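Note sheet for the following structure.
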Amino acid sequence: MRDLSRNWRGRGLRVGLVPTMGNLHAGHLTLVESLAGAVDRLVVSIFVNPLQFGAGEDYESYPRTLEADRRALSAYPVDALFAPGAQEMYPHGEPVTVIDLPALTGTLCGAARPGHFAGVALVVAKLFHIVEPDEAAFGAKDYQQLQVVRRLTADLDLPVEVVAVPTVREPDGLAMSSRNHYLTPAERETAPALYETLRGVARELRAGRREYAALEREAAALLQEHGFDEVDYVAVRRPGDLAPPAGGEPRLVCLAAARLGAARLIDNLEVDLNP
Ligand code: PAF
């Protein structure tokens, strides 16, 4: 993979990377589309990264659909599909190197999933070193992941432009996610309430409400009323560093994670307060 990419770059071609865990849906394909026009050669990676799954999470059952993914990508200008196995990515066994960004990962999904973002940070750093892309695209649905990747790239001077791509939604507002496959038909009916609830919080913020803790509590209660089994968090935060608002921010982000049956769904919505 590195030889191929270096060969391209040596010829002055710009290389793009879309890192994924496969089971590609329209959200992933939007990542591909968003880079396709900006680079000369496009690499999609598919790797279900064991390091970012915690004990009791869905590593074993995570949908692996390589042939369908290959077919889906054939409609796009993809120059290389990099789909290594775990042995190839981690030939020395579990890495002893840890990339930790505690200021960004001690909260929200990082608090609920210890070690998850260290696993993401390590594999993204490895993929950047293997593929050596000029640009790499990440979905805004995984908002905390996006901030982790941006900060990691900046702090380690990785010469990669991180491109954020807006969340792709089903017609009823549900953010596209491979984990939506875990929903039963009844749960699928309930699932759009996650985004609706975030939109409600955003409306309140735009209307001038600033009691963040009360807003978060009300929204969590609403999700439970809708039938979500367990609400990990509903939070209003600052966009870049994910810290609680200090007051006067022009822009905030509302984030939520909640369990619905076997699926843990996440979503977020940025809110402009000075339109
Ligand atoms: O967002 C994902 O699919 C994964 O977390 C990523 C960025 C491919 C790293 O494994």
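Results, tabulated for the structure shown:
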| quantity | calculated |
| --- | --- |
| Whole-number Å³ per residue for the convex hull built on Cα positions in the stretch 107-167 | 72 |
| All-pairs alpha carbon distance profile, the stretch 13-94, 10 Å steps from 0, percent | 17, 46, 29, 8, 0 |
| For residue 50, net neighbour charge (Lys/Arg +1, Asp/Glu -1) across residues whose Cβ lies under 12 Å away | -4 |
| Once the Cα gyration tensor of the chain is diagonalised, semi-axes √(5λ) in Å | 32, 21, 19 |
| Mean Cβ count within 10 Å, highest first, over the residues of peptides 173-182, 20-29 | 20-29, 173-182 |
| Protection proxy ranking of 121-132, 223-234 - average other beta-carbon atoms within 10 Å, highest first | 121-132, 223-234 |
| Rg over Rh [alpha-carbon atoms, Kirkwood Rh] for the stretch 68-134 | 1.06 |
| Cα principal axis extents for the stretch 215-256, largest first, Å | 33, 15, 12 |
| Along principal axes, Cα extents of the stretch 77-223, largest first, whole Å | 49, 35, 29 |
| Burial ordering of 105, 190, fewest other beta-carbon atoms within 10 Å first | 190, 105 |
| Compactness index (Cα Rg / 2.2 N^0.38 Å), the stretch 149-273 | 1.13 |
| Rg over Rh, two decimals, the stretch 53-102 (C-alpha only, Kirkwood Rh) | 1.07 |
| C-alpha long axis of helix 212-226 to longest principal axis of the chain, angle in ° | 90 |
| Relative packing of 76-84, 203-211, which averages over residues the other C-beta atoms within 10 Å, highest first | 76-84, 203-211 |
| Taking the convex hull of Cα positions in the stretch 1-141, its mean projected area over all directions (nm²) | 9.1 |
| Fraction of beta bridges assigned by DSSP in the chain that are antiparallel (%, nearest 5) | 55 |
| Kirkwood Rh and Cα Rg combined as Rg over Rh, evaluated for the stretch 170-214 | 1.11 |
| Pairwise FRET efficiency - residue 7 versus residue 150, Cβ, R0 = 30 Å, nearest 0.05 | 0.60 |
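Where a number appears in this text, it was derived from the coordinates with a stated rule and is not lab data. What you see is a predicted model; the values in this text were computed from it and never measured. Positions of Cβ are generated from backbone atoms using ideal geometry, with glycine treated the same way; all protein chains shown enter the neighbour counts.
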